[in-house]
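Q: Here's a structure for you.
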Amino acid sequence: MEKEPTRVLVTGAAGQIGYALVPMIARGLMLGPDQAVILHLLDIEPAAEALNGVKMELIDAAFPLLKDVIATTDVMEACEGVDIAIMLAGFPRQEGMERKDVMSKNVSIYKAQASALEQQAAENCKVLVVANPANTNALILKEFAPSIPEKNITCLTMLDHNRAIGQIAEKLNLHASDVKNVIIWGNHSSTLYPDVNHATVTTTDGVKRVRELVADDHWLNKELITTVQQRGAAIIKAWKLSSALSAASAACDHIRNWVLGTNKGSWISMGVYSDGSYGIQHGLIYSFPVTCKNGEWSIVQGLKIDEFSRAKMDATEKELIEEKELAYSCLGQSI
Amino acid sequence: MAKEPLRVLVTGAAGQIGYALVPMIARGVMLGADQPVILHMLDIPPAAEALNGVKMELVDAAFPLLKGIVASTDAAEACKGVNVAVMVGGFPRKEGMERKDVMAKNVSIYKSQASALEQHAAPNCKVLVVANPANTNALILKEFAPSIPEKNISCLTRLDHNRALGQISERLSVQVSDVKNVIIWGNHSSSQYPDVNHASVKTSSGDKPVRELVADDAWLNGEFISTVQQRGAAIIKARKLSSALSAASSACDHIRDWVLGTPEGTWVSMGVYSDGSYNVPAGIIYSFPVTCKDGEWKIVQGLPIDDASRQKMDATAAELVEEKTLAYSCLA
């Protein structure tokens, strides 16, 4: 018997990442090749015609798994009954804008989105925030949607996770599929910490540690880290547009692993509500290594953290605490 | 045991359609979830930095099936050993350009691409031309790559085929996966003929003819046809950009069905080298209904053609013959 379709919301759907993401969802790359989907596409009024163009193209592609498309500028209609919500919409930083201004704009967007989701989404809706500042947008969403279980609100660091894997694979002249268990700690920003201390590579001689195979601590502790941290800017420089293809693909990986489970022996990175693991302050959305099973994520516990890592993990935590304060000051509230 | 990777070339890879297409290929949408791929991406020197940006993003996506990337502005390097070639690169029509000018530009592009493919591609390379004028670009490619079997050179009308399925599914409020066997005859242009005379819909009481279920010949013979013919323009109007998502997806469908076979009882539309079937002139690339098996396509024979269809099929054939003449005059 065919499965009931899953309703997937994409906000900011008329934009670049949305355009890359929706065909991936419609092809089963997010939820599996046997899971029918109904797409809910939301964008703002000025983008209504472009949004309709996306809907038209989705119909034109005759995707077998796509059972319906709801394209709307009405947030309540968009959120109705959704099982998965991918939040791409946000206010992009424009030249001359201060950090506080960007934060302020996004904080009010995510406060409003929180409300609509809380009222309209299906129970147990899984939320993935992509729009930057991703971690803090997700935190605001969580704070203003108290009836959505905090474990269901996440942000995307899988892009950074995949970028780290890509860099290591290139360095070793291997395939990405041979590298696993990097960790992205912290904020999806230039303070993120790509940690390879537990990462491994599958070789013809068995599984080896990345540190051992790369045999270049200087590269691993410096260049790899800055490359991954600044990769977004490097893409913009080459492309003149920000990463859509890789962000969309990472969003699919994040949801697919969450819903269908991580592979045995592998973990991924997800921005999740901190429970104090690894000495990270409660109440932040912080990226941790997680495994997933039965639709639930759980933080990989007990990994050894060296001094170098500790300092980096603390630095990105500090930035997240600052962002949280800034966000709350924009809302005129104390934490 | 894991399969050997297949090499897939995308020309014009730094453009809109390329950007939509390459992640689909890298995820197995084109050749199957168990078929590793090596992507070859070609574009012109002015697009070299953007092309490198696409390569960087493909690396950043850590696709499990993607076993290598060759990003180049050199046609010989890009074509080396490729098993599948998707030709998206072409000269787009600009404001004020005459049809002859667009044709002239594209004809020289496809003449040199033909040469590079013939010399460097793997034997039995399957070629799909997407860039417009798709049928005539494919014909030029065929003419200048004589050692590539003519059956291996095709053009994309699957987008129109899928658009037709989509329109019918919307009209009947059924799922698109329940509609099948439309036909796109002829040129991937506004003279294409979307034919529903043999199309059917899966219902709870078995397969029913589309004509019967829609019960509106005026719509099927009028608005439906012009909607499908002009859909490209409608997308541009809404998006301010041409269809990339749906074109890329249809290119995947075209190759996937060609390589992996069409489902039982179902045919698809492909622009292929005409052998004179259905009284279509031989020696042009014309879209026909085909089934695919063991990596080969075969025109569905014996379908009854009514007068109205005959006229439309002839009109689009006439346009293709004109385009062929124009193309050859540009080369003279």
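Read-outs: derived from the displayed coordinates by stated rules, not from any lab. It should be emphasised that the depicted structure is a prediction, and the values quoted were computed from it without experimental measurement. Virtual Cβ from ideal backbone geometry, glycine too; neighbours counted across all protein chains shown.
Q: What percent antiparallel are the DSSP beta bridges of chain B, to the nearest 5? It would help to have the intermediate numbers written out before the result.
A: Details: 21 of 44 bridges.
If we restrict to bridges inside chain B, about 50 percent are antiparallel.
Q: Report the Cα centroid-to-centroid distance between region B:272-321 and region B:187-262 in angstrom, as an integer.
A: What the calculation gives is 17 Å, centre to centre.
Q: Across region A:272-278, in residue order, what do the Karplus-derived ³J(HN,Hα) couplings come to in whole Hz, using 6.51 cos²θ - 1.76 cosθ + 1.60 with θ = phi - 60° and x for Gly and Pro?
A: These are the phi-based 3J(HN,Hα) values: 10, 5, 5, 9, x, 4, 6 Hz.
Q: How large is the charge dipole for region A:6-155, taken about the Cα centre, if only the Cβ atoms of Lys, Arg (+1) and Asp, Glu (-1) carry charge, to the nearest 20 debye?
A: Roughly 440 debye, rounded to the nearest 20.
Q: If you don't mind, another one. Please list, in chain and number order, the residues 5+ apart from A:SER287 or on another chain whose amide H is under 5 Å from its amide H, with Hs placed from the backbone.
A: Here A:GLY186, A:ASN187, A:VAL272 satisfy the definition.
Q: Just counting partner chain Cβ atoms within 10 Å, what average do the residues of peptide B:176-185 show around their Cβ?
A: Across B:176-185, the average partner-chain Cβ count within 10 Å equals 2.
Q: Net charge near A:LYS105: determine it from the other residues with C-beta under 12 Å of the C-beta of A:LYS105, scoring Lys and Arg +1 and Asp and Glu -1.
A: +2
Q: Now for a separate question. Pull out a ≥ b ≥ c, the square roots of the eigenvalues of the alpha-carbon gyration tensor of region A:263-309, then state rounded if a/c is under 1.5, prolate if not and a/b is larger than b/c, and oblate in the remaining case.
A: Because a/c hits 1.5 or more and a/b fails to exceed b/c, region A:263-309 counts as oblate.
Q: Another question about this same structure. Only bridges with both residues in the protein assembly as shown count here: give the DSSP antiparallel percent, nearest 5.
A: Details: 42 of 88 bridges.
DSSP beta bridges in the protein assembly as shown are roughly 50 percent antiparallel.
Q: For the protein assembly as shown, what ratio Rg/Rh do Cα atoms give with a Kirkwood hydrodynamic radius?
A: Taking Rg over the Kirkwood Rh, I get 0.99.
Q: Find how many whole Å separate the alpha carbon centroid of region A:43-104 from the alpha carbon centroid of region B:11-68.
A: 25
Q: To the nearest 20 Debye, how big is the dipole of chain A about its Cα centre, given +1 on the beta carbon of each Lys and Arg and -1 on that of each Asp and Glu? Intermediate results must be reported in sequence, preceding the final value.
A: Numbers: 31 positive and 40 negative charges, 137 e Å.
Dipole magnitude for chain A comes out near 660 debye.
Q: Under a crude label model (7 Å from the Cα following the beta-carbon direction), how far is A:ALA215 from B:LEU241 in nanometres?
A: Between A:ALA215 and B:LEU241, the simple spin-label model gives 4.5 nm.
Q: By the gyration tensor of its Cα atoms, with a ≥ b ≥ c the square roots of the eigenvalues, what is the shape of region A:158-322: rounded for a/c under 1.5, prolate for a/b over b/c, or oblate?
A: rounded
Q: Count charges around A:VAL201 for me, please; just the other residues with Cβ under 12 Å from its Cβ, Lys/Arg as +1, Asp/Glu as -1.
A: Spelling it out: positives minus negatives among the neighbours equals +2.
Q: Ok, one more. Please list, ordered by chain and number, the residues whose modelled amide H lies under 5 Å from the amide H of A:VAL129; skip anything fewer than 5 residues away on the same chain.
A: Distant-sequence amide H within range of A:VAL129: A:MET87, A:THR154, A:CYS155, A:LEU156.
Q: Cβ under 15 Å from B:LEU213's Cβ, B:LEU213 left aside: what net charge do those residues give with Lys, Arg +1 and Asp, Glu -1? Don't skip to the end; give the middle numbers.
A: Working: positive: B:ARG171, B:LYS180, B:LYS202, B:LYS208, B:ARG211; negative: B:GLU170, B:ASP178, B:ASP207, B:GLU212, B:ASP216, B:ASP217.
Every neighbour counted, the sum reads -1.
Q: Tell me whether region B:38-160 comes out rounded, prolate or oblate; compute the Cα gyration tensor, take square roots of the eigenvalues as a ≥ b ≥ c, and use a/c under 1.5 as the rounded threshold.
A: Since a/c reaches 1.5 but b/c is at least a/b, the shape of region B:38-160 is classed as oblate.
Q: Then there's this: Using modelled backbone amide H atoms (1.01 Å from N, in-plane), which distant-in-sequence or interchain residues come within less than 5 Å of B:SER287's amide H?
A: Placed amide hydrogens put B:GLY186, B:ASN187, B:VAL272 under 5 Å from B:SER287.
Q: When DSSP beta bridges are limited to those with both residues in region B:96-249, what percentage is antiparallel, rounded to the nearest 5?
A: Once the DSSP bridges in region B:96-249 are tallied, antiparallel ones form about 75 percent.
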